Amino acid sequence: MKTAIILETDHLSLPVSDLLNPKELKLVGIGNACPETWNVFEDPDTGKLKEEIEGLPVMPIDLAVSLQPDLCIIAATDPEKSHALQYMAIRAGFENDIRFIGTMAEEFSVTGAVLRRLTRRLETLAITGSVAELGCGKGDLSWQLNALMPGRQLYLFDTMEGFDPRDIAKEEALGCSKASVGEYGDVQEETLLSRMPFPDLVTLKKGWFPETALELEEERFALVCLDACLYQPTYAGLEFFFPRMSQGGILLVKGYESTRYGGIHRAVEDLETRYGAFLILPLGDLEGSVMIVHP
């Protein structure tokens, strides 16, 4: 069995570690440049290591590289960050095999595969309803929803101005993340809609959710994708869509296991106190997404 380390950025170590084949690879360490993530030291000032470590061993990059594993996995999707981590590994003396998750993500998409299988199932079982996406951004997922289900109305919900101040205030009050007002605001309405293969079936609901959903209270949905990152819009999205899902319909929650945006997981937990435990199925993608199946 080969040994491996993960050098991470963007909080990707957990989803990447879940993707490793335990039959072939043994994870021996995770390297991160941020001291607040390290969990291997009894005393960071003296550098004394713990005898036992709970969870995944997160350590400085040079310490991870010093383990001299067979494989170093660069867990970053941004090319600049990927090459920076590669440089750190080589500078620290690593000479073995290096793999890039970013390159694999460009060629293979777990989310895309799941969408294709889900849409086939919705059609096979004749599950009725429209499709919606909350937090569509530049439309990387939106156009696929439109292309895969040309017979269904697609509603796209987005502020088109990035994170709303009201949502950030709630995020800060709960201590869920360090998101900022206006983040992800580089979206153009015309560019988004131009990507849609069947634009006549697309309705863009621009503004703050749930205000933008007030006209759709009688609508039924077969598939809904929530990619809002923050607690408040995720909670509001689940609260609005779950009771309006068709039997057997699917809620796809992006980032449920994200360590960067903890409000997503908390929003789901808080809704479960109202509806009871959801039927949650993990996707196994880099975003830590899950599916919630409506009974």
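Applying the set (1) among the β-branched types (Val, Ile, Thr); (2) at pLDDT below 95; (3) not in a loop (DSSP other than H, G, I, E, B) to VAL187 leaves exactly one unmet item: (3). Checked against the criterion of being farther than 21 Å from ARG260 by Cβ and in contact with a strand residue (DSSP E or B) (Cβ under 6 Å, 6 or more places away or on another chain), the candidates PRO44, PRO69, PRO57 yield just one match: PRO69.
The set of residues in region 203-232 being part of a strand (DSSP E or B) and over 17 Å from GLY249 (Cβ atoms) consists of THR203, LEU204, LYS205, LYS206. The set of residues in region 243-272 that are at pLDDT 90 or above, hydroxyl-bearing (Ser, Thr, Tyr) and under 23 Å from GLU171 (Cα atoms) comprises TYR256, TYR261.
So, of the residues in region 258-286 that are crowded, with 20+ Cβ neighbours inside 10 Å and closer than 18 Å to SER177 by Cα, which turns out to be nearest to the chain's Cα centre (by Cα)?
Step one: filter region 258-286 for residues crowded, with 20+ Cβ neighbours inside 10 Å, giving 258, 261, 263-265, 267-268, 278, 283, 285-286.
Filter once more, so that each one left must be closer than 18 Å to SER177 by Cα: 258, 261, 263-265, 267-268.
On the way: SER258: 6, TYR261: 9, GLY263: 12, ILE264: 10, HIS265: 11, ALA267: 14, VAL268: 14 Å.
Ranking the qualifying residues of region 258-286, first place goes to SER258.
Sort out which residues of region 238-264 are assigned to a helix (DSSP H, G or I), within 28 Å of ARG120 (Cα to Cα) and not basic (Lys, Arg), and write them in order of number.
Keep residues of region 238-264 that are assigned to a helix (DSSP H, G or I), which gives 238-244, 263-264.
Narrowing the set further to residues that are within 28 Å of ARG120 (Cα to Cα) leaves 238-244, 264.
Answer for region 238-264, where residues must be assigned to a helix (DSSP H, G or I), within 28 Å of ARG120 (Cα to Cα) and not basic (Lys, Arg): LEU238, GLU239, PHE240, PHE241, PHE242, PRO243, ILE264.
The listed residues are ALA92, ALA84, and the only one of them that is in contact with a helix residue (DSSP H, G or I) (Cβ under 9 Å, 6 or more places away or on another chain), of a type in the set (Gly, Ala, Ser) and either under 30 Å from GLY29 (Cα atoms) or at pLDDT 95 or above (or both) turns out to be ALA92.
Report whether or not TYR235 is open to solvent by less than 50 Å² (accessible area, probe 1.4 Å), of a type in the set (Ser, Thr, Tyr) and part of a loop (DSSP other than H, G, I, E, B).
On the way: open to solvent by less than 50 Å² (accessible area, probe 1.4 Å): yes; of a type in the set (Ser, Thr, Tyr): yes; part of a loop (DSSP other than H, G, I, E, B): no.
The answer is no for TYR235.
Residue pairs whose Cβ atoms lie under 9 Å apart, separated by 6 or more positions or on different chains, with the first residue in region 178-207 and farther than 13 Å from LEU145 by Cβ and the second at pLDDT below 90 and of a type in the set (Phe, Trp, Tyr), do not occur. If you check ARG220 against the conditions, is it out of contact with any Ser or Thr (no Cβ under 6 Å at 6 or more places or on another chain), surrounded by fewer than 23 Cβ atoms within 10 Å (Cβ to Cβ) and either closer than 25 Å to MET291 by Cα or in contact (Cβ under 8 Å) with a residue 40 or more places away in the chain (or both)? Judged against the criteria, ARG220 is not a match. Within region 73-82, the presence of a residue that is free of Cβ contacts under 8 Å to residues at least 40 places away in the same chain and aliphatic (A, V, I, L, M) is excluded.
Residues considered: ALA113, ALA132, ALA105. Of these, the only one that is among the small types (Gly, Ala, Ser), modelled with pLDDT of 90 or more and closer than 30 Å to LEU25 by Cα is ALA113. Could you tell me whether ASP200 is surrounded by fewer than 17 Cβ atoms within 10 Å (Cβ to Cβ) and at negative phi? Yes, satisfied.
Do we find that LEU118 is within 23 Å of PRO243 (Cα to Cα) and in contact (Cβ under 8 Å) with a residue 60 or more places away in the chain in this structure? In short, yes.
Mind listing whichever residues of region 89-126 are touching a strand residue (DSSP E or B) at 6+ places or on another chain (Cβ under 7 Å) and of a type outside the set (Gly, Ala, Ser)? PHE94, ASN96, ASP97, ILE98, ARG99, PHE100, ILE101, LEU118, LEU122, LEU125, listed by residue number.
The values are calculated or read from the model by the stated rules, or taken from the named source; none is laboratory data. For clarity, every value in this text was computed on a predicted model and none was experimentally measured. Every residue, glycine as well, gets a Cβ built from its backbone with ideal geometry; the counts of neighbours run over all protein chains shown. Keep in mind that these areas ignore ligands, DNA and RNA; they rest on the heavy atoms of the full protein, side chains included. Shrake-Rupley method; radii C 1.70, N 1.55, O 1.52, S 1.80 Å.
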